[in-house]
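Notes follow once the structure below has been shown.
Rule-based calculations on the coordinates, nothing more; no lab input. Keep in mind it's a predicted model, so treat the numbers as computed, not measured. Here Cβ is always computed from backbone atoms with ideal geometry, including for glycine, and neighbour counts include all displayed protein chains.
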Amino acid sequence: MRNKILIVEDEDSIRKFVKINLERAGFEVIEADTGEKGVELARKENLDIVVLDIMLPGIDGFQVCKILRDEFPSLGIIMLTAKSQDIDKIMGLEYGTDDYMTKPFNPMELVLRVKSLARRMENTEDTNDSILEFGPFKIDKYSRRFFKGGEELDLTPTEFSIAKLFMESPGKAFKRDEILNTVWGYDFVGDSKIVDVNIRRLRSKIENDPSNPYYIETIWGMGYRWRKKD
Ligand code: CA
């Protein structure tokens, strides 16, 4: 595993601390102290994951996230936030963040989350047997590409992992916690709202009518299910 991480944070002490901890865990880490520099580095370097603070001088983390998502759909993004309003904003608006952490945080926990995201992005599939087809959808687990009606759709690492989980078990009812544990890969402290947010975004990309979803069914009070019959 050689994953390249960019940390965008203007507070030197936090940035250095995170960098040291991620490097100890075996990651290659580069740093930026403004959003503008972060975007510039993302365009130059071949990054895997960005750890992105929201409160930054100049353009803030939300704007950086939007730019990065537009340009690099498959980049992993973990946002750092100090305020609960920011979490609401992350959840309410479709920034496409893979995970988030609230300050102050334990750096070891951040390392765990980065590792979990890196695992999610890793290709562990065999070239054989890597294609799943279902209705208009085709997923190539090996190259981590997703198609609808022959057209490739840009999914974030998390959206892809959820789509893969569903397509491997069509018709299966998944509890939110089950999706959380399988996709995020650890017991996510907090709430399963991040599952709902990612499902909503996935629907907006793959459903014909996202406000009236067909492929991803909601099971009220429980979770979600990929419709078995097309
Ligand atoms: Ca900051």
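Here are the numbers for this structure:
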| quantity | calculated |
| --- | --- |
| Odd one out for GLN85, checked against (1) within 14 Å of the chain's Cα centre (by Cα); (2) free of Cβ contacts under 8 Å to residues at least 24 places away in the same chain | (1) |
| Search result, residues across the range 36-54 that are in a helix (DSSP H, G or I) and among the charged types (D, E, K, R) | GLU36, LYS37, GLU40, ARG43, LYS44 |
| Qualifying residue in the range 134-145 (condition: outside any strand (DSSP E or B), in contact (Cβ under 8 Å) with a residue 60 or more places away in the chain and crowded, with 20+ Cβ neighbours inside 10 Å) | no |
| Selected residue (criterion: farthest from the ligand (Cβ to nearest atom)) from residues of the range 45-61 that are over 21 Å from the mean Cα position of the chain (by Cα) and loosely packed, with under 14 Cβ neighbours inside 10 Å | GLY58 |
| Residue count for the range 11-50, restricted to those that are out of contact with any strand residue (DSSP E or B) (no Cβ under 9 Å at 6 or more places or on another chain) and hydroxyl-bearing (Ser, Thr, Tyr) | 1 |
| Close pairs from the range 8-26: first more than 21 Å from VAL39 (Cα to Cα), partner among the β-branched types (Val, Ile, Thr), Cβ under 6 Å, at least 6 apart | ASN21/VAL111; GLU23/VAL29; ALA25/VAL111 |
| Residue within the range 2-18 that is in a helix (DSSP H, G or I), over 17 Å from the mean Cα position of the chain (by Cα) and aliphatic (A, V, I, L, M) present | yes |
| Within the range 99-133, considering residues that are of a type in the set (A, V, I, L, M) and part of a strand (DSSP E or B), the one surrounded by the most Cβ atoms within 10 Å (Cβ to Cβ) | MET101 |
| Unique residue being touching a helix residue (DSSP H, G or I) at 6+ places or on another chain (Cβ under 9 Å), under 22 Å from THR158 (Cα atoms) and of a type in the set (Lys, Arg) when the list is ARG69, ARG113, ARG24 | ARG113 |
| Complete set of residues in the range 220-230 that are closer than 12 Å to PHE166 by Cα and loosely packed, with under 11 Cβ neighbours inside 10 Å | none |
| Residue count for the range 2-18, restricted to those that are more than 13 Å from the ligand (Cβ to nearest atom) and under 17 Å from ILE77 (Cβ atoms) | 4 |
| Residue among GLY96, GLY76 that alone is within 20 Å of the chain's Cα centre (by Cα), away from the ligand (no atom under 16 Å from the Cβ) and either on the phi < 0 side of the Ramachandran plot or surrounded by fewer than 22 Cβ atoms within 10 Å (Cβ to Cβ) (or both) | GLY76 |
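Yes/no matrix, rows are residues, columns are (1) surrounded by fewer than 17 Cβ atoms within 10 Å (Cβ to Cβ); (2) not in a loop (DSSP other than H, G, I, E, B):
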{"position": "GLY171", "(1), (2)": "yes, no"}
{"position": "PHE174", "(1), (2)": "no, yes"}
{"position": "ASP177", "(1), (2)": "yes, yes"}
{"position": "VAL183", "(1), (2)": "no, yes"}
{"position": "ASN198", "(1), (2)": "no, yes"}
{"position": "ARG203", "(1), (2)": "no, yes"}
{"position": "ASP209", "(1), (2)": "yes, no"}
{"position": "PRO213", "(1), (2)": "no, no"}
{"position": "THR218", "(1), (2)": "yes, yes"}
